[in-house]
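The values are calculated or read from the model by the stated rules, or taken from the named source; none is laboratory data. Computed from a predicted model, the values in this text were never measured in an experiment. Heads up, the Cβs are rebuilt from the backbone with ideal geometry, glycines too, and the neighbour counts pull from every protein chain shown. Quick note on the areas: whole protein, heavy atoms, side chains included, nothing else; ligands and nucleic acids left out. Shrake-Rupley method; radii C 1.70, N 1.55, O 1.52, S 1.80 Å.
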Amino acid sequence: MTNYATQWPGATPMNDAATMRSATPQEAGMAVSKLGFAKPVPDSGYRWWYIDGFSDCGRFGVTVIAFIGSVFSPYYFRARQRGNCSPTNHVSLNVILYGPEKSRWCMTERGQQALTQRSDALTIGPSQIRATESGLTITVEERTSPWGQRVSGEINVRFNRASKECFQLDQECHHWWWPLAPIANIEVTMDRPALSWRGPGYVDSNLGNAPVEHGFNAWNWCRGHSSDGDCEIHYDVQLRGGGEKQVSLRIDRDSSIQRTPSPPLQHLPKAPIWRVARPARLPISTQPVAKTLEDTPFYTRSRLSGPEGQFMHESLDVTRLCRTWVQLLLPFRMPRRG
């Protein structure tokens, strides 16, 4: 395993105050069995399952996020302020296709009547995520925003087995992250738009027993794969009450997780449109080349390339998410069908 403290001078050593503690999915409340699709989500809380992947050729990509209690929803934000805290009334499937010609963005919020939770499947409106013996099958039937184009097809994710370790993101034990299948294979077969490709994939899940804005000011996260096929992940959160939590992991194909010292913090150029900061703990010795995939008023997703490899990177500014002007903009990208 790479010795980060030696390879990257300035790497952050692990210490008890800043390092995230771990637990099993059962202890964290994320799952009793399987992937936790049937677990109730607490009032004012949230749960999401995140999948991403890129084609072997590097030209295409996909991100899918299934939300119960949609963290970024302006409707759920207002409902919590009014005391209506039911997360099941704010569900959505965020589907994003990346490509040189056939990019699509979908995120329609729906009410509780559109949600069905079973131990082996999560249905949100006409779309569904189903647990299989080999991983996940995602049936997509969505419409783009704002133009309403149909996005239809199937995404299959295959992985050996789900990991058995979750990580506590905050001090109060309200927010958890589960790197469920950091090493996976993904196959995308879309009818609309006509699209088919395969490549490496990634799956994780987050759970909150309280609103995300109560726990954090910001966070950044990145993951990549080494030449020998292992996955490395670096997660860095800025807590609402001050201080930070961080964890760096190395995961092999057998889902064995080992902690490593965190690489030094780099400050990438701000996102080009909305100027969201992009701090990153990267095991890259030179400034990476960033391809911006998502540039929003409060969030960025980027693909980073450097001599040590390629990384998916996310940066979330929770403080800006709560600004009134941002909340007023969000419905244009996230319509609701009640």
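Among the conditions (1) part of a loop (DSSP other than H, G, I, E, B); (2) of a type in the set (S, T, Y); (3) without any contact (Cβ under 8 Å) to a residue 24 or more places away in the chain, T292 misses just one, which is (1). Selection over region 72-131 of residues that are surrounded by 18 or more Cβ atoms within 10 Å (Cβ to Cβ), more than 29 Å from H214 (Cβ to Cβ) and among the basic types (K, R) gives a count of 1. Applying the selection to region 277-298, what residues are touching a helix residue (DSSP H, G or I) at 6+ places or on another chain (Cβ under 9 Å) and surrounded by fewer than 20 Cβ atoms within 10 Å (Cβ to Cβ)? If the condition is that a residue be touching a helix residue (DSSP H, G or I) at 6+ places or on another chain (Cβ under 9 Å) and surrounded by fewer than 20 Cβ atoms within 10 Å (Cβ to Cβ), then S285, P297 are the ones that fit.
So, E141, is that one touching a strand residue (DSSP E or B) at 6+ places or on another chain (Cβ under 7 Å) and open to solvent by 10 Å² or more (accessible area, probe 1.4 Å) or not? Let's see the steps before the verdict.
On the way: touching a strand residue (DSSP E or B) at 6+ places or on another chain (Cβ under 7 Å): yes; open to solvent by 10 Å² or more (accessible area, probe 1.4 Å): yes.
Yes.
Tallying residues that are more than 12 Å from D204 (Cα to Cα) and either surrounded by fewer than 22 Cβ atoms within 10 Å (Cβ to Cβ) or in contact with an Asp or Glu (Cβ under 7 Å, 6 or more places away or on another chain) (or both) within region 171-188 yields 6. Of all residues assigned to region 227-235, none qualifies as being small (G, A, S), within 24 Å of R303 (Cβ to Cβ) and within 16 Å of the chain's Cα centre (by Cα).
Taking region 68-127 as the range and being hydrophobic (A, V, I, L, M, F, W, C) and touching a Lys or Arg at 6+ places or on another chain (Cβ under 6 Å) as the test, the residues that pass are I68, V91, L97, A121.
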